[in-house]
1. Looking at this structure, is A:ALA66 within 14 Å of chain B (Cβ to nearest Cβ) and over 24 Å from B:GLY104 (Cα atoms)?
2. If you check B:LEU107 against the conditions, is it surrounded by 14 or more Cβ atoms within 10 Å (Cβ to Cβ) and more than 13 Å from every other protein chain (Cβ to nearest Cβ)?
3. Can you tell me how many residues in segment B:59-77 are in a strand (DSSP E or B) and touching a residue at least 40 places away in the same chain (Cβ under 8 Å)?
4. Only one residue in A:THR3, A:THR10, A:THR107 is in contact (Cβ under 8 Å) with a residue 12 or more places away in the chain, among the β-branched types (Val, Ile, Thr) and buried (at least 19 other Cβ atoms within 10 Å of the Cβ), so which one is that?
5. With B:VAL100, B:VAL63, B:VAL44 as the choices, which residue is β-branched (Val, Ile, Thr), closer than 30 Å to A:THR3 by Cβ, over 12 Å from the mean Cα position of the chain (by Cα) and within 14 Å of chain A (Cβ to nearest Cβ)?
6. Six or more apart or on different chains, Cβ atoms under 7 Å: show the pairs whose first residue is in segment A:83-104 and among the basic types (Lys, Arg) and whose second is modelled with pLDDT of 95 or more.
7. Find all pairs meeting these conditions: Cβ atoms under 9 angstrom apart; at least six residues apart or on different chains; first residue within segment B:12-40 and within 14 Å of chain A (Cβ to nearest Cβ); second residue part of a loop (DSSP other than H, G, I, E, B) and of a type in the set (Val, Ile, Thr).
8. Output the residues belonging to segment A:20-63 that are within 12 Å of chain B (Cβ to nearest Cβ) and of a type in the set (Ser, Thr, Tyr).
Amino acid sequence: SQTIHQWPATLVQPVGSPLSLECTVEGTSNPNLYWYRQAAGRGLQLLFYSVGIGQISSEVPQNLSASRPQDRQFILSSKKLLLSDSGFYLCAWSRDSYNEQFFGPGTRLTVL
Amino acid sequence: SQQGEEDPQALSIQEGENATMNCSYKTSINNLQWYRQNSGRGLVHLILIRSNEREKHSGRLRVTLDTSKKSSSLLITASRAADTASYFCATALQGAQKLVFGQGTRLTINP
């Protein structure tokens, strides 16, 4: 069976510090991978998605970047965090663009 | 404006009653999906309905899709306290490589 992992679960970082959130998927190959951000009580904002190694599509110009160094690894990064980067970050995978997405447990990021 | 918009934003009902949530969208879709999210957790996929389908059932869930009105509804019958969660619709757009999620409906089931 397939599983998706995200870490850390919670993170408190000062403004201006770097960020690295990691997401890994097990039990499948060549998945589509997605990073979302969710503000409190709101819907999901798609940040990045990837349909293959090294292929990253950015949805919203912002302070973040994503990389896919391996087939089942997706990393969300920032060189300098802003207060507005606070939120709940969710990673997801799917077999293709039209099928259901499977979500990780999320990382709650607070930037102080 | 949003591709997928849920209505209502919040719904509070008594246990045992039926809960209905609606979703409207703007452009042609390949399919529409419903997800559930418990507080502080990741989303869980509930059901997928394709653009050529009109109704689909899964346990106590019933989803309808009206492509002429660009709308869908999710019905949860005989609600339980454990159904308390946020529910999101997501549209798979034709030719796109992503889903577009709505803002969600927060459902509260009172015991």
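The values are calculated or read from the model by the stated rules, or taken from the named source; none is laboratory data. Owing to the predicted nature of the structure, the values given are computational and were not obtained by experimental measurement. Counting neighbours? That spans all protein chains shown, and the Cβs are built from the backbone with ideal geometry, glycine included.
1. Answer is yes for this residue.
2. So B:LEU107 passes the test.
3. Total meeting the criteria: 6.
4. A:THR107
5. Only one candidate passes the filter, namely B:VAL100.
6. Note: pairs meeting the criteria are A:ARG95/A:PRO31.
7. B:SER28/B:THR67; B:ILE29/B:THR67; B:ASN38/B:THR84; B:SER39/B:THR84
8. A:TYR34, A:TYR36, A:TYR49, A:SER50, A:SER57, A:SER58 - these are the residues of segment A:20-63 that are within 12 Å of chain B (Cβ to nearest Cβ) and of a type in the set (Ser, Thr, Tyr).
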